[in-house]
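Worksheet: one structure, shown below.
Read-outs: derived from the displayed coordinates by stated rules, not from any lab. Here the structure is a predicted model, which means the values were calculated and not measured. As a convention, Cβ positions derive from the backbone with ideal geometry for all residues, glycine included, and neighbour counts pool all protein chains shown.
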Amino acid sequence: MATWMIVLFVSMSGSLSLSEREPEYFSPRSCKELMLRYKTNEDGLYYLTTASGVVYQTYCDMTTAGGGWTLVASVHENNMYGKCTTGDRWSSQQGNSPNVPEGDGSWSNTVTFGTAEAATSDDFKNPGYYDITAKDVAVWHVPNNEQVNRWKLTSFLRYHTDTQFLNSYKGNLYNLFKQFPVKYNIGSCPDNHGPSIPVVYDVGDATSNHNLFGPNPRARSKPGFITFRPINTERAAMAICLGVKPTDCDTEHSCIGGGGYFPEGSPRQCGDFPAFDWNGYGTNTGWSASKQVTEAAVLIFYR
Amino acid sequence: MATWMIVLFVSMSGSLSLSEREPEYFSPRSCKELMLRYKTNEDGLYYLTTASGVVYQTYCDMTTAGGGWTLVASVHENNMYGKCTTGDRWSSQQGNSPNVPEGDGSWSNTVTFGTAEAATSDDFKNPGYYDITAKDVAVWHVPNNEQVNRWKLTSFLRYHTDTQFLNSYKGNLYNLFKQFPVKYNIGSCPDNHGPSIPVVYDVGDATSNHNLFGPNPRARSKPGFITFRPINTERAAMAICLGVKPTDCDTEHSCIGGGGYFPEGSPRQCGDFPAFDWNGYGTNTGWSASKQVTEAAVLIFYR
Amino acid sequence: MATWMIVLFVSMSGSLSLSEREPEYFSPRSCKELMLRYKTNEDGLYYLTTASGVVYQTYCDMTTAGGGWTLVASVHENNMYGKCTTGDRWSSQQGNSPNVPEGDGSWSNTVTFGTAEAATSDDFKNPGYYDITAKDVAVWHVPNNEQVNRWKLTSFLRYHTDTQFLNSYKGNLYNLFKQFPVKYNIGSCPDNHGPSIPVVYDVGDATSNHNLFGPNPRARSKPGFITFRPINTERAAMAICLGVKPTDCDTEHSCIGGGGYFPEGSPRQCGDFPAFDWNGYGTNTGWSASKQVTEAAVLIFYR
């Protein structure tokens with residue numbers, strides 16, 4: 001006995017003739033499209049389809065600030081003590097090395113990994129990351145290993161842009177990071193930081209955001225922004241500063257992701273959450289981040 | 001009669017008669033449901049669907065002891081010489097370290113990996129592991145790299161519980177291991193072992209089971225049980241003892257999976273098959289397991 | 001109005017009109033079948049279905065030399081400086097070691113990884129690799145990180161066999177490599193090389209092919225062939241020589257993939273592109289390959 005899997009796009013009026021209908025009609029490409037076309041207004045897991053026909057499941061936030069937010073990625077620090085080792089997919093799994101200046105390259109390639117349901121237990125990147133044309137970005141901080149139906153409840157910080165800044169960067173982070181490569185030695189600080197965009201808080205506020213990081217990075221950044229492709233003193237590149245705009249060059253204590261090489265204290269800064277443990281794990285003293293933010297996944301949405 | 005799987009995107013208000021039915025009717029959540037509702041009675045690969053809508057393919061054993069067994073996981077030792085390195089997804093891929101006491105955490109998170117068809121060539125964990133509510137567990141030992149249609153023929157040991165013990169642990173191993181974390185230093189031996197459940201043999205017997213392990217572990221365990229979350233002398237935690245109940249604290253020679261730290265002889269005991277090679281690879285002398293069990297994947301089923 | 005994804009199991013004798021059709025109609029098993037049955041003649045991404053019901057998306061070349069070519073694998077060197085480390089799925093991710101003579105074993109097992117859309121950014125192996133029964137093989141060299149719709153344009157070397165040689169090896173590389181294991185110490189050079197098959201060039205020619213490799217490997221090989229399972233002086237096994245037939249035993253400079261142990265200069269030769277950097281990265285001098293071939297993914301097709 002054979003079992004077959006058949007994927008059909010079926011017209012609403014019941015004809016099973018594939019060829020007579022536009023497949024796009026039945027295959028929402030983003031949560032926003034799903035919301036607008038189908039009047040879907042419940043948060044939860046849905047299937048989306050890319051322009052090239054890839055079908056994937058992800059989480060839609062259909063209620064925050066008008067809804068229509070698509071989860072496209074999560075950055076999960078699986079081991080703060082692992083320095084660019086297995087699981088550091090948003091920086092490098094190749095060790096800290098100038099020979100691999102872009103590390104795994106995940107910020108600007110089409111490699112995907114993980115699942116929506118495990119997005120707080122492992123790194124997640126779905127095809128929406130490069131397929132969706134969006135205007136704004138939202139970020140959620142959700143404690144590790146939380147179940148999907150508790151994400152919204154347990155998130156302790158959530159913010160989003162509302163400036164439609166992605167219009168200037170070809171519609172998504174994949175393209176933004178083509179323009180601003182997350183690559184060691186691509187530029188210097190402060191001249192070559194990427195854009196800082198103001199954010200609106202949905203959970204938490206600028207102060208609670210700022211307090212997630214130690215007193216030193218707090219004194220060297222302003223909350224209320226999301227910053228892309230910061231560069232530190234030693235010319236290491238990171239991807240995203242978490243609700244802050246750096247005002248100096250020690251960006252490795254509040255920004256995540258990265259290329260494959262962080263010269264300072266090698267290899268101690270290399271990883272998805274680079275130097276969050278510089279003065280001890282979760283101490284929230286000196287340069288170290290709080291335990292709360294260290295043990296939470298960073299969920300990235302588009303709209 | 002062949003079974004077809006069809007994935008449809010159907011409007012709730014559409015005229016397709018299909019859409020008028022309960023979606024659950026069309027999406028078996030376990031092999032047991034598939035058997036009971038559809039009278040499916042052939043072993044093989046089928047598609048199942050989780051409560052959250054994830055569709056996955058896995059193997060159903062529809063004949064053993066009444067059938068209805070769903071393959072939810074396999075533990076495959078890809079490199080007995082790798083000590084918590086890449087591929088040790090049921091212990092740790094982060095090296096042997098007290099800093100990562102739960103290792104990869106696969107026993108109690110929703111991360112999935114592998115495929116049914118490669119379950120004897122690589123680690124496998126599907127969403128059924130956390131999605132299915134079950135009563136009993138079965139274990140098969142199948143030589144590495146066997147094709148699906150030869151698993152039943154080539155398995156040299158198979159056993160299952162029939163006490164419905166999972167009723168006491170929220171219906172699956174995901175929840176059982178939430179209650180009994182596979183984590184270094186969570187408790188001590190022998191006081192904090194998890195449950196030992198008697199098993200019925202489907203292939204092999206208590207003696208052939210026992211003889212898969214060296215004379216030393218044999219003298220320190222009783223066959224005819226499956227034991228969860230044993231702890232060894234040095235407070236390392238493992239996940240499952242293979243058909244045995246330990247009577248002392250050297251559990252690392254017949255139990256599999258683990259947290260991320262095994263203190264004794266560091267890093268020699270860390271891995272999916274922890275110290276099966278303590279007195280040489282596959283020697284079946286002293287503390288070492290046989291080559292047969294060392295080179296076989298452990299397939300885990302629910303019913 | 002909500003959109004639901006519904007999974008149906010439909011009996012062949014059920015009342016749905018769908019079930020009255022031949023299942024093959026809905027599930028092409030290869031691009032060749034898709035072309036012949038559906039008259040599909042455009043290059044691009046399509047869904048295929050294996051005998052066991054696995055559905056996967058891959059790229060079909062429907063135009064070269066009659067069309068009908070299915071992409072089944074890509075070999076991507078993610079880090080030329082990583083010597084059998086994470087990402088070396090076509091050789092070994094376990095370090096250079098005689099204890100793991102077959103490395104990850106990907107050439108002759110059913111493990112799959114990657115996606116079609118990321119085939120030039122990461123290793124890719126789909127179920128077609130072992131499921132399709134084919135006659136010939138094609139190879140494309142495409143620069144890393146190229147988008148699918150630019151592969152054909154940017155490929156700088158493409159060739160295919162037309163001898164139907166796979167008829168002699170059970171129809172695919174999975175079976176060929178069962179017969180010729182990619183395993184350290186399985187044989188010696190030159191007696192135990194696997195088959196060399198002549199190729200026809202679709203892009204480039206024998207001279208441009210040869211010039212991708214340094215002067216030393218060029219002097220020790222003949223272009224115009226694809227060679228399987230070469231063995232080097234030190235008894236390391238590789239999988240595929242890229243458009244060449246070795247005439248001596250230094251095969252590690254123009255052949256890719258491998259078992260888990262390369263004795264010479266350990267660990268410097270171990271990796272998906274073994275010793276392409278022996279005299280420097282991309283120098284194209286001495287034993288080293290050109291930068292062009294070093295930074296291009298090798299796409300493998302069946303027909």
Inter-copy label distances at B:N144 (7 Å, Cα→Cβ; nm, one decimal): 2.9, 2.9
Computed [θ] at 222 nm, deg cm²/dmol, chain C (DSSP H ≥ 4; -39,500 (n - 2.57); rounded to nearest 500): -2500 deg cm²/dmol
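What number does the stretch C:150-281 give for Rg over Rh if you use C-alpha atoms and the Kirkwood radius?
Result for the stretch C:150-281 is an Rg/Rh of 0.96.
Around C:G282, with a cut-off of 12 angstrom between Cβ atoms, what is the net charge of the other residues, counting Lys and Arg +1 and Asp and Glu -1?
Values: positive: C:K291; negative: C:E77, C:D277, C:E295.
Computed value for this residue: -2.
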Percent antiparallel among DSSP beta bridges (both partners in the protein assembly as shown, rounded to 5): 95
Shortest-first distances to equivalent copies, position B:D162, nm, label 7 Å out along Cβ: 6.4, 6.4
Positive-pole candidate from C:A289, C:Y201, C:F262, dipole of the stretch C:155-303, charges at beta carbon: C:Y201
Listed residue pairs exceeding 27 Å between alpha carbons, taken from C:K32/C:K183; A:K178/C:K39; A:K178/C:K152; C:K125/C:K183: C:K32/C:K183; A:K178/C:K39
Net charge contributed by nearby residues that have their C-beta within less than 13 Å of C:G257 (K/R +1, D/E -1): -3
Nearest-first distances (nm) between copies at B:R37, label 7 Å from Cα via Cβ: 2.8, 2.8
Charge-dipole axis of the protein assembly as shown as Lys and Arg at +1 and Asp and Glu at -1 on Cβ define it, positive-most pick from A:T227, B:Q93, C:G82: A:T227
For the stretch A:154-162, Karplus couplings with θ = phi - 60° (6.51, -1.76, 1.60), whole Hz, Gly/Pro x: 9, 4, 9, 7, 9, 8, 8, 7, 9
Net +/- balance of residues flanking B:P246 in space, Cβ distance below 13 Å, scoring K and R +1, D and E -1: +1
Value in Å of the Kirkwood radius, where the protein assembly as shown supplies the Cα pairs that are averaged: 28.4
Shape of the stretch A:86-215, Cα gyration tensor, a/c cut at 1.5: rounded
Nearby lysines by direct alpha-carbon distance to A:K245 (threshold 18 angstrom, same-chain neighbours under 8 apart not counted): A:K222
Shielding score for A:135-145, defined as the mean number of other chain Cβ atoms within 10 Å: 1
Radius ratio Rg over Rh of chain B, counting only Cα atoms, Kirkwood formula for Rh: 1.00
Loop GluC sites (Glu not before Pro), the stretch C:27-119, which have at most 13 other Cβ atoms in a 10 Å radius of their Cβ (DSSP): C:E42
